[in-house]
Amino acid sequence: MVVAGKAAPRGRFPHVRRAGDFVYVSGTSSRRPDGGFVGARVDPAGTTDLDIRAQTRAVIENIADLLAAAGGGLSDAVSLTTYLVSMNDFGGYNEVYAEYFDETGPTRTTVAVHQLPHPHLLIEISCVAHIPRPAPSGDTATTEPSPPSPPSSSPERAR
């Protein structure tokens, strides 16, 4: 699902994909719908100022909005993978992360990468959340999950 009001994906992929009760959030940055970036400022002389704390906060808030569109929230996150352009930003990232999560929060992996899709990006985070599908209207019984579909030999399914 592509979520209205959020920055459009920079390729043919969704913001969010549901698989049963799991919701996968694509790598998310501080990019705004207007194409600018939270935590990135260029002064009239062309000097760039990048702020890991502002970017981290914007990324986590963007993920919260995407999870809300899928019927959940940050408390439903079970795993985060964070990509930092510089591990020198790890401390600032951790400070902001702690505003949202503690030791009972999602598992987390943080890795350094050479670069992200725009030079003003310092951080990108992908997320896996567990958000049970709501029971059908009027149904109070718990439904059993459907058995998995048999593998398809169709080349279209193999992608």
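Any read-out appearing in this document is the output of simple, stated calculations on the displayed coordinates, not a laboratory observation. Treat the numbers as computed from the prediction; the structure is a model and nothing was measured. Cβ placement follows ideal geometry from the backbone for every residue including glycine, while neighbour counts extend to all protein chains displayed.
Table for the structure above
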{"quantity": "Extent along principal axes [Cα atoms of the stretch 32-87; Å; largest to smallest]", "calculated": "44, 28, 13"}
{"quantity": "Sequence-distant residues sharing a close amide H with HIS118 (under 5 Å, placed H)", "calculated": "none"}
{"quantity": "Cα-derived Rg to Rh of the stretch 16-130, Kirkwood definition", "calculated": "0.98"}
{"quantity": "For the stretch 16-130, size of Cβ-based charge dipole, Lys and Arg +1, Asp and Glu -1, in debye", "calculated": "320 debye"}
{"quantity": "Phi-based couplings in Hz for the stretch 104-116 (Karplus 6.51, -1.76, 1.60; Gly and Pro marked x)", "calculated": "8, x, x, 5, 8, 10, 10, 10, 8, 10, 5, 7, 10"}
{"quantity": "Amide hydrogen neighbours beyond the local backbone of ARG108, cut-off 5 Å, H modeled", "calculated": "LEU80"}
